[in-house]
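One structure is given below, encoded as structure tokens.
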Amino acid sequence: MGATARAGKGTAVRGNGAWTEGELAEVRDNLFREMEELRVVITRSESEIASGDITEGAGDDQADAGAKTYEREREIALTLNSRDLLAQNERAIARIDAGTYGECESCHKPIGKERLRAFPRATLCVACKQREERR
């Protein structure tokens, strides 16, 4: 693997050179843009969930009631997933601000730059993530 480098306020990366201020600004902008999109999705989903509560069961047969229940549970799951992604984005931005973006929260070694490009919300290096998934 490549050498470890630090950029900006101490942002660690492994290989592919250090993060430049411009690259970090781009990551931050992309995270903010995604956060706005997630807020729209959450608002829409919550509205659909709420409107489904009002009409639930009004003259439905069992199949209709089952389909509505399935759709409602699906909307709830999507909303929870969107909220989780929103929180992960907020955490990534906080890590950029603190100068710890790119540092594994488990072993404190640098996270690969390519990994962060593919998944900018990553908080664990590949080795620590694999170890966590085996548990």
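With just the Cα atoms of the stretch 46-131, tell me how far they stretch along each of the three principal axes, in Å, largest first.
Taking max minus min along each principal axis of the Cα atoms, the stretch 46-131 gives 59, 27, 19 Å.
Name the residues whose placed amide hydrogens come within less than 5 Å of the amide hydrogen of Gly112, ignoring near sequence neighbours (fewer than 5 apart) on the same chain.
HN-HN under 5 Å from Gly112: Arg14, Val126.
Throughout, read-outs are computed from the coordinates displayed, never taken from laboratory work. All values derive from a computational prediction rather than experimental measurement.
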